[in-house]
Amino acid sequence: MTNQPAPPTLSAPSLRLAHAIITTPDLERLQNFYANTLGLHLLAIDQAPPPPARRMGVFASETGVVLLAREIAGSDVGLDRAQNHPAAIERIVFQVDSAVEHGAITDRLVAAGASDGNTCMIARGPVVTVTFTDPDGRTINLVRPNLDWTPDPDIEIRDQHLLDHTLSSGPHP
């Protein structure tokens, strides 16, 4: 048996979700919802995207592009998910850094009828989350760090330094 060199340790300190791509039958309805509840801005509309999309909206926040919405006539999120259509997304998770911002957005979600406003601490993870539904019936979460999280004894922390950094990065008022 020959000694194989150990594979290099991979590191991706700046790796984050770039954006999600979703399908909608009504780009304006989605724009109104995401602008008025989450504060996303419609950055651009591509009037001639590749078929079958009629238009594609590019939504951004202060931190950059987070969502591309392809408008396809007759698209249905539930139907796409049931048929395992590749354009379907099971869930999108947005993150904010502070409890104050999380609470303000949660209030807007409740006012829009998109959520009951109940937040929960994920017992097996270091976040507080609120679940809501967008106008197309897509389940979405809004999370923030849970600074009081203590892992269950059966959760093996593999990188305590990275966990500590994750919980402490950004403002958390």
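General remarks:
- Considering only residues in the range 92-121 that are of a type in the set (A, V, I, L, M, F, W, C) and part of a loop (DSSP other than H, G, I, E, B), the one that is nearest to Asn146 (Cα to Cα) turns out to be Val96.
This table checks each residue for (1) modelled with pLDDT of 85 or more; (2) more than 20 Å from Leu162 (Cβ to Cβ); (3) of a type outside the set (Asp, Glu).
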| site | (1), (2), (3) |
| --- | --- |
| Ile105 | yes, yes, yes |
| Asp134 | yes, yes, no |
| Arg138 | no, yes, yes |
| Pro145 | no, no, yes |
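- Among residues of the range 108-124 that are on the phi < 0 side of the Ramachandran plot and modelled with pLDDT under 80, those with a beta-carbon under 9 Å from a residue that is of a type in the set (D, E, K, R) and surrounded by fewer than 12 Cβ atoms within 10 Å (Cβ to Cβ) at least six positions away or on a different chain give the pairs Met121/Asp148; Ala123/Asp152; Arg124/Asp152.
- Residues satisfying the stated conditions in the range 158-173, i.e. at pLDDT 70 or above and either at positive phi or exposed (fewer than 10 other Cβ atoms within 10 Å of the Cβ) (or both): Arg158, Asp159, Gln160, His161
The values are calculated or read from the model by the stated rules, or taken from the named source; none is laboratory data. Note that the structure is predicted; figures quoted are calculated from it, not measured. Quick reminder, even Gly has a Cβ in these numbers, built from the backbone with ideal geometry, and neighbours come from all protein chains shown.
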